[in-house]
Amino acid sequence: MTTEIMTAHDVHLFYGKKEALKGIDLGIREHEITALIGPSGCGKSTFLRTLNRMNDLIPSVKITGKIELDGQDIYAPNMDTVQLRKRVGMVFQQPNPFPFSIYDNVTYGLKLAGVKDRQTLDAAVESSLRAAAIWDDVKDKLGQSALALSGGQQQRVCIARVIAVQPELILLDEPTSALDPISATKVENTLLDLRENYTIVIVTHSMHQASRISDRTAFFYQGDLIEYDRTKKIFMNPTHQETEDYISGRFG
């Protein structure tokens, strides 16, 4: 039985007066891929961003309820958000490598944390790029700009950058939606390999992607969590009519 690494209890989120999340209860189990699905504007990306406090950067946001990582309340006043975002890394929809070398992209977080030893940095670069399934593509051009890579390669370098600081949890917000099908498949395969060592939460618009790579799926609709269960159950035998309607393409 896997343990829950992160839990949300009665999480409400408001943008000004608009309630975008309506009392979400959800437990994320370690070494699993959890997919968040639902139509545009349903709250899935908003919920994802509550898990590493990215919504704090939006002035009008108010959040109530509790989110715990390893039993610690991440919204407690003494929580260091820089440390939190190291433990809960994030990969965005558009690949966003920094405008410097592949090597410096991957070591960015480690250098911020004060790691200076070249051997340590070299080892982290190789292991992270291998874990992100892109080492063979880039090992001879680590000094070149990451911006010169293809979109799919850039996205895997961004995954390597997150892995380098050894997070407990990796959040991905539609990480393949800007990629061609071949690159998207490579990223999906990378995530399946990473599941052995990491816990992953992915927001996806693709039903195929959710059913292919996730262990559990959460269906969001109009700010509510309608259903959360094993992916096979959600796709083959959902409990709620709204879930069945969305998965079968009746709306969304």
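Since every read-out is calculated from the coordinates, none of them should be taken as a lab result. What you see is a predicted model; the values in this text were computed from it and never measured. For neighbour counting, all protein chains shown are included, and Cβ atoms are generated from backbone atoms with ideal geometry for every residue, glycine included.
Numbers below:
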item	result
Of Lys22/Lys232; Lys44/Lys232; Lys86/Lys116; Lys86/Lys186; Lys66/Lys111, those spanning more than 22 Å from alpha-carbon to alpha-carbon	Lys22/Lys232; Lys86/Lys186; Lys66/Lys111
Cα-projected label distance for Ile58 with Val82, points at 7 Å along beta-carbon direction, nm	2.6
Per-residue Cβ neighbour rank within 10 angstrom, fewest leading, Asp215, Asp140	Asp140, Asp215
Normalised alpha carbon radius of gyration of the range 42-176 [divisor 2.2 N^0.38 Å]	1.12
Theoretical gain in end-to-end length, Ala113 to His240 [0.36 nm per residue, Cα-Cα removed]	41.1 nm
Eligible aspartates and glutamates near Lys18 by straight Cα distance, threshold 17 Å, same-chain separation 8 or greater	Asp10, Asp56, Asp224
Relative contact order [Cα under 8 Å, 6+ residues apart], the chain, whole percent	27
Cα long-axis angle, helix 118-131 against the chain (0 to 90 degrees, to the nearest 10)	50
Coarse-grained scattering of the range 192-252 at q = 0.16, 0.17 Å⁻¹, given as base-10 log I(q)/I(0) from a Debye sum over alpha-carbon atoms	-0.50, -0.56
Cβ charges +1 (Lys, Arg) and -1 (Asp, Glu), total dipole of the chain, debye	440
Under Karplus coefficients 6.51, -1.76 and 1.60, residue-wise ³J(HN,Hα) of the range 56-71 in Hz, glycine/proline x	4, 7, 9, x, 8, 7, 10, 10, 10, x, 9, 10, 10, 10, 6, x
Label zone at Thr120 (point 7 Å along Cα-to-Cβ), backbone N below 15 Å, the range 155-194	164-166
Separation in nanometres of the label points that stand 7 Å from Cα toward Cβ, at Asp10 and Asp215	2.9
Label-point gap, in nm, between Lys18 and Gln72 - each point 7 angstrom along Cα→Cβ	3.3
Karplus-derived 3J(HN,Hα), 6.51/-1.76/1.60, for each residue of the range 42-53, Hz, glycine and proline x	8, x, 5, 5, 4, 5, 3, 6, 6, 6, 10, 6
Rg to Rh, two decimals, where the range 1-111 supplies the alpha carbon set and Rh follows Kirkwood	0.98
Those aspartates and glutamates that a straight Cα-Cα span of less than 16 Å connects to Lys139, excepting residues fewer than 8 apart in one chain	Asp104, Asp122, Glu126
Once exposed loop trypsin sites (Lys or Arg not before Pro) are cut out (DSSP; at most 13 other Cβ, 10 Å), longest piece of the chain	140-249
Debye intensity ratio I(q)/I(0), log10, the chain, q values 0.13, 0.16, 0.18 Å⁻¹ (C-alpha model)	-0.82, -1.20, -1.43
